[in-house]
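The values are calculated or read from the model by the stated rules, or taken from the named source; none is laboratory data. Note that the structure is predicted; figures quoted are calculated from it, not measured. Quick reminder, even Gly has a Cβ in these numbers, built from the backbone with ideal geometry, and neighbours come from all protein chains shown. When the accessible area is computed, the model is the full protein with side chains, heavy atoms only, and any ligands, DNA or RNA have been set aside. Shrake-Rupley method; radii C 1.70, N 1.55, O 1.52, S 1.80 Å.
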Amino acid sequence: MLEAIAGGANDIKLLAEKFEVSFSTVRRDLQRLSKEKAVARTYGGAMLASGIQEENYPVREWQHRAAKQAIAQAAAAQVQDGDTIILDGGFTITFMARFLSDKKLTVITNNIKLTAILADAPNIATIFLGGAVRPISMSAYGHFAEEALRCLTADKAFTSANGLVPGRGLCEATMEQIALKRLMMRQAKETFVLVDASKLDCSSQPVWAHLPLSWTLVTDADESLCQPFVDEGARLLQVNTACLDSAMQKD
């Protein structure tokens with residue numbers, strides 16, 4: 001079964017058809033392999049444990065950089081003076097800071113780098129959620145961050161994702177990340193998900209969160225990738241890297 005999963009048959013239905021067994025048999029086998037740490041369970045299947053990897057911080061900072069900056073600029077344009085906003089971890093959302101510095105806002109965030117950037121903005125009150133630090137993303141997660149966030153509400157939440165799949169939602173590497181993202185979306189009136197085209201229809205990580213009934217997808221992806229999300233109720237804010245401010249492109 002491990003060879004089949006490595007070959008791309010990582011869905012329970014595909015595995016059941018390949019080995020001509022019942023879904024329950026596949027589930028039992030996957031449960032055993034998960035206990036042996038050979039696989040990690042995903043929504044509807046499994047993936048090899050060795051395939052669950054996150055790029056290190058410097059590498060991720062430069063991946064799809066122009067797209068991330070353009071997405072950040074478009075997302076920041078949705079913020080109005082007087083808003084209280086939640087800003088998640090992730091480089092795309094960190095890039096938003098430069099487009100927010102002239103606004104009058106309250107910012108709630110777990111993003112360490114973003115907090116440092118906003119510290120010099122005279123009209124932005126920043127609330128840092130605290131918690132356990134994940135060096136790979138320079139963000140805080142866990143019980144303390146969640147407890148702080150439960151005491152707060154916001155007009156808009158801006159969140160990132162390692163992957164975004166129609167019918168499933170967004171995926172991340174750990175339960176702690178997903179728990180905080182779910183709460184961010186719950187505590188805000190509006191949700192914006194910021195992802196570049198490489199993240200759409202991508203299930204690179206094993207832990208999932210469903211999206212609200214109404215939310216906004218901010219991306220550089222083409223319409224063929226975006227349409228399934230629109231069909232499910234998402235508002236689409238499509239960006240073009242050619243629209244990015246020249247000053248940001250040189251950064």
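Can you say whether Gln69 is closer than 25 Å to Ala173 by Cα and at pLDDT 90 or above, as far as the supplied structure shows?
Values: closer than 25 Å to Ala173 by Cα: yes; at pLDDT 90 or above: yes.
So Gln69 fits the description; yes.
Where in the stretch 85-133 are there helices (runs of 4 or more DSSP H), lying fully within it, with 2 or more residues that are in contact (Cβ under 8 Å) with a residue 60 or more places away in the chain? Steps first, please.
On the way: elements: 91-95, 97-100, 112-118.
Once the helices (runs of 4 or more DSSP H) in the stretch 85-133 are filtered for at least 2 residues that are in contact (Cβ under 8 Å) with a residue 60 or more places away in the chain, what remains is 91-95.
Step by step: first the residues of the stretch 156-192, then only those that are out of contact with any Asp or Glu (no Cβ under 9 Å at 6 or more places or on another chain) and assigned to a loop (DSSP other than H, G, I, E, B), then the one that is modelled with the lowest pLDDT. Which residue is that?
If we take residues in the stretch 156-192 being out of contact with any Asp or Glu (no Cβ under 9 Å at 6 or more places or on another chain) and assigned to a loop (DSSP other than H, G, I, E, B), then Thr174 is modelled with the lowest pLDDT.
In the stretch 72-94, which residues are polar (S, T, N, Q) and either modelled with pLDDT under 95 or touching a helix residue (DSSP H, G or I) at 6+ places or on another chain (Cβ under 7 Å) (or both)?
Looking only at the stretch 72-94, we keep the residues that are polar (S, T, N, Q), and these are 73, 78, 80, 84, 92, 94.
Gln73, Thr92, Thr94, listed by residue number.
Consider the stretch 209-243. How many of its residues are part of a loop (DSSP other than H, G, I, E, B) and small (Gly, Ala, Ser)?
Taking the stretch 209-243 and keeping what is part of a loop (DSSP other than H, G, I, E, B), we get 210-214, 220-222, 232-233, 239-240.
Next cut, small (Gly, Ala, Ser) only: 214, 221, 233.
Residues flagged as part of a loop (DSSP other than H, G, I, E, B) and small (Gly, Ala, Ser) within the stretch 209-243 amount to 3.
Only residues that are under 22 Å from Ala132 (Cβ atoms) and within 11 Å of the chain's Cα centre (by Cα): list them for the stretch 181-206, please.
Start the filter on the stretch 181-206 by keeping residues that are under 22 Å from Ala132 (Cβ atoms), which leaves 181-187, 205-206.
Answer for the stretch 181-206, where residues must be under 22 Å from Ala132 (Cβ atoms) and within 11 Å of the chain's Cα centre (by Cα): Lys181, Arg182, Gln205.
If you scan the stretch 193-203, which residues turn out to be under 23 Å from Asp11 (Cβ atoms), touching a residue at least 60 places away in the same chain (Cβ under 8 Å) and in a loop (DSSP other than H, G, I, E, B)?
Once the filter is applied, which keeps residues that are under 23 Å from Asp11 (Cβ atoms), touching a residue at least 60 places away in the same chain (Cβ under 8 Å) and in a loop (DSSP other than H, G, I, E, B), the stretch 193-203 yields Val195, Ser203.
Of these, Thr216, Thr241, Thr153, which one is at pLDDT 95 or above and open to solvent by 20 Å² or more (accessible area, probe 1.4 Å)?
Criteria check complete, one pass: Thr153.
What single numbered condition from (1) modelled with pLDDT of 95 or more; (2) open to solvent by 10 Å² or more (accessible area, probe 1.4 Å) fails to hold for Phe229?
Here Phe229 clears every test but (2).
What are the residues in the stretch 158-208 that are acidic (Asp, Glu), in contact with a strand residue (DSSP E or B) (Cβ under 6 Å, 6 or more places away or on another chain) and open to solvent by less than 30 Å² (accessible area, probe 1.4 Å), if any?
Glu172 - this is the single residue of the stretch 158-208 that is acidic (Asp, Glu), in contact with a strand residue (DSSP E or B) (Cβ under 6 Å, 6 or more places away or on another chain) and open to solvent by less than 30 Å² (accessible area, probe 1.4 Å).
Out of the stretch 134-148, which residues are outside any strand (DSSP E or B) and either touching a residue at least 60 places away in the same chain (Cβ under 8 Å) or under 16 Å from Thr94 (Cα atoms) (or both)? Quick ask: steps written out before the conclusion?
Initially, the stretch 134-148 is screened for residues outside any strand (DSSP E or B), giving 135-138, 142-148.
Those that are outside any strand (DSSP E or B) and either touching a residue at least 60 places away in the same chain (Cβ under 8 Å) or under 16 Å from Thr94 (Cα atoms) (or both): Pro135, Ile136, Ser137, Met138.
Among the residues of the stretch 122-137, what is the count of those that are within 17 Å of Glu176 (Cβ to Cβ) and open to solvent by less than 60 Å² (accessible area, probe 1.4 Å)?
Filtering the stretch 122-137 down to residues within 17 Å of Glu176 (Cβ to Cβ) leaves 128-137.
Then drop every residue that is not open to solvent by less than 60 Å² (accessible area, probe 1.4 Å), which leaves 129-131, 134, 136-137.
Residues meeting the conditions: 6.
Among the candidates Ala97, Ala119, single out the residue that is at pLDDT 90 or above, within 21 Å of Leu149 (Cα to Cα) and either open to solvent by 40 Å² or more (accessible area, probe 1.4 Å) or in contact with a helix residue (DSSP H, G or I) (Cβ under 7 Å, 6 or more places away or on another chain) (or both). It would help to see each step written out before you state the result.
Details: Ala119 fails: at pLDDT 90 or above.
Testing whether each residue is at pLDDT 90 or above, within 21 Å of Leu149 (Cα to Cα) and either open to solvent by 40 Å² or more (accessible area, probe 1.4 Å) or in contact with a helix residue (DSSP H, G or I) (Cβ under 7 Å, 6 or more places away or on another chain) (or both) leaves just Ala97.
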